[in-house]
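Take this structure, written in structure tokens, and hold onto it; I'll ask about it next.
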Amino acid sequence: MNDAAREPLTTPVVYTGAPRVRANLVALGTITRREVHRVMRIWTQTLVPPAITMTLYFVIFGKVIGSRIGTIEGGFSYMQYIVPGLVMMSIINNCYSNITSSFFGSKFGHYVEEMLASPMPSWVVLTGYVAGAVTRGIVVGVIVLGIALSFTSLHLAHPLVAVTTVLLGATIFSLAGFINAMFAKRFDDIAIVPTFVLQPLTYLGGVFYSINMLGSPWREVSKVNPILYMVNAFRYGILGASDVPVWMAYAVMLAFVVALGTVALWLLRRGVGLRS
Amino acid sequence: MPIAEPASAVPALEVVDLRKTYASGVQALKGVSLQVAQGDFFALLGPNGAGKSTLIGILSSLVNPTAGDARVFGLSIHADRGGVMREIGLVPQEINFNQFETPFEICVNVAGFYGIPRSVARPRAEKYLNELRIWDKAFQATRMMSGGMKRRLMIARAMMNEPRLLILDEPTAGVDIEIRRSMWHFITGINRAGTTVILTTHYLEEAEKLCRNIAIIDHGEIIENTSMRRLLSKLDVQSFVLDVTGLGDALPELAGVKPTRIDGQTLEVEVPSSHDINSLFAALTAQGITVTSMRNKTNRLEELFVRLIDRNSDRVPHE
């Protein structure tokens, strides 16, 4: 600590225009990198469990039960039919749990203050966390798809639809998880929504069956479930079959992205659950 | 110890009628106004719950003010939050970093939050971790570090954006004297290089030693805001403890000075500031008493602080 040799500190640059944009991009990259690093550091908690769970799903529902069901909607084997839904289910669950545990963890450990006391605008914080969660969702999705390919053969009917659906679905549940984490005061609070809302909606979202197999009014009731649109849009992207029009699935997903993104940003700017 | 004179007319910090009422109804700040000049080493003192941390929380964007404004180098916390944050480095009272990350990661990431690229942040992190003598722990998980190391890490982290205003909220709490001294040395060096420093501490000796100007806050109000020298000059009586030989059963007679016998070798004396110490020694010597050593009974600032807080407690009704 030789203060005699200390250089005077640099006068700060005035951050407007391009320097501010560059600074925000550096900040965004920092949060995203930190989030991805966290996922990789604890890969036994973030990447392995979904792989094991989905392998069990494929064995039990796809092989054991599926072999007795035969073909389903559009002449696909039951195994082929459930793969898109299970991949989407993995992505949704992992995006949600990633962002809730990471952001709530930063609140619980108070290191969210590092970000709150920095010049980063709220949208950078939100986008960084969402990017980290979406990355985990995609990595898990690729792993689960890889496992699925060892059980059955698939072809990509509409690759662009598959990719955009994954991105939109992952973003929706990352944003929802972020809002959950903002309001959460205890670890229990981030477990309630996945258990009592997300899981039932996923199971009733056409992962394991076509809603055309349901009678009225359950077929109509199923259409208020947003997960139905994601699962079917992704199924359309992989198999070329869907229970709902793809344009409608996009409209629903885009509406959710805009609505949840607006709410999350508003909450973050107000500092709900963060600033006293 | 305080160094350079303020360099510019624009204050480093200007707080204007700042108020904060929490949802619980507690009025933490009741219209606080103060100025800190550029280059100053400023002490913000007050008892627990006086409003210090609320004020620092507002400055660092962690607490929303109810009313009023604060300007940092002329930038308002309302109009340009990002600009204000770019100027400030904060060392909070509580440990608030991810205990699973390493000091190096923490510093580089925080620099990233300020838009500082990794190519700049990496050598800067090395520099400050080295200066604060924790470079050897730079790549270990922080949960393995001692309390003193964690405190030094928070200072290194606060330096990553090379702030022009460094706010330290009890940075040396629970730290042993050797590390505390090394931290003082670092902070005075930073101040010497031009950074304005605001320090809150319960170690009043630390504030007296380091700071040039001072504000005392109590019950959400500033009750004293002056230079350290002027404040200390208000101390009209000082108490000294004298280690002596030759002390008999009777108390020595000392004109204008009130002695109290502690034991056969120790005498306590209250000396008015108008009274010179030489005449006290002369009077003791004349009565066959030799002073072998002498020390202040309490730190001077501590005596004044207690008096001011006591006086304010009598004035302000208990909430």
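The values are calculated or read from the model by the stated rules, or taken from the named source; none is laboratory data. All of these numbers come straight from a predicted model, not from anything done at the bench. No Cβ is skipped: glycine too gets one built from the backbone with ideal geometry, and neighbour counts run over all protein chains shown. Protein only, heavy atoms only, side chains kept; ligands, DNA and RNA dropped before computing areas. Shrake-Rupley method; radii C 1.70, N 1.55, O 1.52, S 1.80 Å.
Can you pull out the helices (runs of 4 or more DSSP H) entirely within region A:19-83 that have at least 2 residues that are surrounded by 16 or more Cβ atoms within 10 Å (Cβ to Cβ)?
A:48-57
I'd like to check something: does region B:218-227 contain any residue that is touching an Asp or Glu at 6+ places or on another chain (Cβ under 9 Å) and among the aliphatic types (A, V, I, L, M)?
No.
Enumerate the pairs (first residue in region B:224-252 and part of a loop (DSSP other than H, G, I, E, B); second residue anywhere and open to solvent by less than 20 Å² (accessible area, probe 1.4 Å)) with beta-carbon separation below 8 Å, excluding pairs fewer than 6 apart on the same chain, so at least 6 apart or on different chains.
B:Lys234/B:Leu304; B:Leu235/B:Leu304; B:Gly246/B:Ile289; B:Leu247/B:Leu267; B:Leu247/B:Ile289; B:Pro252/B:Leu267; B:Pro252/B:Leu284; B:Pro252/B:Ile289
While we're here: Does region A:210-235 hold any residues that are of a type in the set (Val, Ile, Thr) and either more than 23 Å from the chain's Cα centre (by Cα) or on the phi > 0 side of the Ramachandran plot (or both), and which are they?
Those that are of a type in the set (Val, Ile, Thr) and either more than 23 Å from the chain's Cα centre (by Cα) or on the phi > 0 side of the Ramachandran plot (or both): A:Ile211, A:Val221.
Check A:Leu160 against each of (1) in a helix (DSSP H, G or I); (2) open to solvent by 40 Å² or more (accessible area, probe 1.4 Å); (3) within 13 Å of another protein chain (Cβ to nearest Cβ) and name the one condition it does not meet.
Just one mismatch for A:Leu160, condition (3).
Checking the condition more than 11 Å from chain A (Cβ to nearest Cβ) and in contact (Cβ under 8 Å) with a residue 60 or more places away in the chain, which residue from B:Arg122, B:Arg71 passes?
The unique qualifying residue is B:Arg71.
Counting just the residues of region A:199-241 that are open to solvent by less than 40 Å² (accessible area, probe 1.4 Å) and polar (S, T, N, Q), which one comes out modelled with the highest pLDDT?
Per the criteria, the residue is A:Asn232.
Can you find a residue that is among the β-branched types (Val, Ile, Thr), over 15 Å from the mean Cα position of the chain (by Cα), more than 14 Å from every other protein chain (Cβ to nearest Cβ) and open to solvent by 50 Å² or more (accessible area, probe 1.4 Å) anywhere in region B:223-235?
no
Oh, and also: Scan region B:12-28 for residues that are assigned to a loop (DSSP other than H, G, I, E, B) and open to solvent by less than 20 Å² (accessible area, probe 1.4 Å) and report the count.
Adding up the residues that qualify gives 1.
Right, next: Quickly run through region A:172-188 and pick out the residues that are touching a residue at least 24 places away in the same chain (Cβ under 8 Å), open to solvent by 10 Å² or more (accessible area, probe 1.4 Å) and not aliphatic (A, V, I, L, M).
Selection gives A:Phe173, A:Asn180, A:Phe183, A:Lys185, A:Phe187.
If you don't mind, another one. Please go through (1) open to solvent by 20 Å² or more (accessible area, probe 1.4 Å); (2) closer than 30 Å to A:Arg270 by Cα; (3) of a type outside the set (S, T, N, Q) for A:Glu114 and return the number of the only condition it doesn't satisfy.
It fails just one condition, (1).
Given B:Gly82, B:Gly89, B:Gly31, B:Gly49, which one is small (Gly, Ala, Ser) and assigned to a helix (DSSP H, G or I)?
B:Gly82
While we're looking at this one, here's another question. Before we move on, is B:Leu45 open to solvent by less than 10 Å² (accessible area, probe 1.4 Å), modelled with pLDDT under 90 and within 18 Å of the chain's Cα centre (by Cα)?
Yes.
All but one of (1) closer than 17 Å to B:Arg164 by Cβ; (2) within 14 Å of chain A (Cβ to nearest Cβ); (3) out of contact with any Lys or Arg (no Cβ under 9 Å at 6 or more places or on another chain) hold for B:Tyr22, so report the exception by its number.
Just one mismatch for B:Tyr22, condition (1).
If you scan region B:141-190, which residues turn out to be acidic (Asp, Glu) and either modelled with pLDDT under 90 or surrounded by fewer than 18 Cβ atoms within 10 Å (Cβ to Cβ) (or both)?
B:Glu170, B:Asp176, B:Glu178
Continuing with this model, one more query. Which condition number does B:Glu206 fail, the rest of (1) farther than 30 Å from B:Val26 by Cβ; (2) not in a strand (DSSP E or B) being met?
Tallying (1) farther than 30 Å from B:Val26 by Cβ; (2) not in a strand (DSSP E or B), B:Glu206 fails exactly one: (1).
Consider only pairs whose beta carbons are under 8 Å apart and that are at least six residues apart or on different chains; among these, list those whose first residue lies in region B:27-49 and is on the phi < 0 side of the Ramachandran plot and whose second residue is open to solvent by 10 Å² or more (accessible area, probe 1.4 Å) and of a type in the set (Phe, Trp, Tyr).
B:Ala28/B:Tyr22; B:Gln38/B:Phe73; B:Leu45/B:Phe305
Residues in region B:104-119 that are under 20 Å from B:Arg151 (Cα atoms) and more than 9 Å from every other protein chain (Cβ to nearest Cβ): how many?
Here the count works out to 2.
Taking the condition of being within 16 Å of A:Leu168 (Cα to Cα), in contact with a Ser or Thr (Cβ under 8 Å, 6 or more places away or on another chain) and aliphatic (A, V, I, L, M), how many residues in region A:200-244 meet it?
Total satisfying the criteria: 4.
Further question on the same structure: State which residue pairs qualify: first residue modelled with pLDDT of 70 or more and inside region B:293-319, second residue aromatic (Phe, Trp, Tyr) in any location, beta carbons under 7 Å apart, and separation of 6 or more residues or different chains.
Going by the 7 Å Cβ cut-off, the qualifying pairs are B:Met294/B:Phe240; B:Arg295/B:Phe240; B:Asn296/B:Phe240; B:Lys297/B:Phe240.
Hey, could you check region B:278-298 for residues that are open to solvent by 80 Å² or more (accessible area, probe 1.4 Å) and in contact with a Phe, Trp or Tyr (Cβ under 8 Å, 6 or more places away or on another chain) and say which is nearest to B:Pro259 (Cα to Cα)?
Top of the filtered list is B:Lys297.
Right, next: Would you confirm, using the coordinates I've provided, whether B:Arg133 is open to solvent by 10 Å² or more (accessible area, probe 1.4 Å), touching a Pro at 6+ places or on another chain (Cβ under 7 Å) and either part of a helix (DSSP H, G or I) or facing chain A (nearest Cβ under 10 Å) (or both)?
Here the answer is no, as B:Arg133 does not meet what is asked.
Restricting the first residue to region A:110-125 and requiring it to be touching a residue at least 60 places away in the same chain (Cβ under 8 Å), which pairs with a second residue that is part of a helix (DSSP H, G or I) and aromatic (Phe, Trp, Tyr) meet a Cβ separation below 6 Å and a spacing of at least six or different chains?
From residues that are touching a residue at least 60 places away in the same chain (Cβ under 8 Å), the pairs are A:Met115/B:Phe113; A:Ser118/B:Phe113; A:Met120/B:Phe113.
Given the conditions (1) more than 21 Å from A:Ala148 (Cα to Cα); (2) part of a loop (DSSP other than H, G, I, E, B); (3) more than 14 Å from chain B (Cβ to nearest Cβ); (4) in contact (Cβ under 8 Å) with a residue 60 or more places away in the chain, and given that A:Ala249 satisfies all but one, which numbered condition is not satisfied?
Condition (2) is where A:Ala249 drops out.
Restricting to region A:252-276, what's the tally of residues that are open to solvent by less than 50 Å² (accessible area, probe 1.4 Å) and assigned to a helix (DSSP H, G or I)?
9
Within region B:75-103, track down each residue that is surrounded by fewer than 20 Cβ atoms within 10 Å (Cβ to Cβ), away from chain A (no Cβ under 12 Å) and over 23 Å from A:Gly273 (Cα atoms).
Listed by number, the list holds a single entry, B:Ser76.
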